[in-house]
Amino acid sequence: ELSMGLAPLIVAELYDVLVQLAADGVAILLVEQFARTALGIADYAAIMIQGRVQHVGQPADLADVVSEAYLGGAA
């Protein structure tokens with residue numbers, strides 16, 4: 001997980017690098033605990049629940065799934 005144990009400022013800088021790499025055509029597979037942050041830069045996403053892929057699709061279509069799965073529906 002990219003952000004695990006890192007200060008928020010460092011995480012933001014790392015995400016900036018990921019965005020630049022993607023813009024340069026580099027494919028990135030990211031496993032991340034902060035789903036909303038990861039979805040913000042993703043072109044395509046898979047949501048895992050209890051170790052199994054439960055949902056796949058465009059990040060904008062998965063925002064509600066993330067809220068329901070991880071926050072019990074709270075936005």
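The values are calculated or read from the model by the stated rules, or taken from the named source; none is laboratory data. Since the model is a prediction, treat every value here as computed from it, not as a measurement. All Cβ positions, glycine included, derive from the backbone under ideal geometry; neighbour counts span all protein chains shown.
Structural remarks
- Residue ID - surrounded by the fewest Cβ atoms within 10 Å (Cβ to Cβ), chosen from residues in the stretch 1-49 that are closer than 20 Å to Ala69 by Cβ and of a type in the set (Asp, Glu): Glu1
- Lone unmet requirement of (1) in contact with a Leu (Cβ under 9 Å, 6 or more places away or on another chain); (2) part of a loop (DSSP other than H, G, I, E, B) for Gly25: (1)
- When residues of the stretch 33-72 are limited to those that are more than 20 Å from Val19 (Cα to Cα) and part of a loop (DSSP other than H, G, I, E, B), the one modelled with the lowest pLDDT: Gly72
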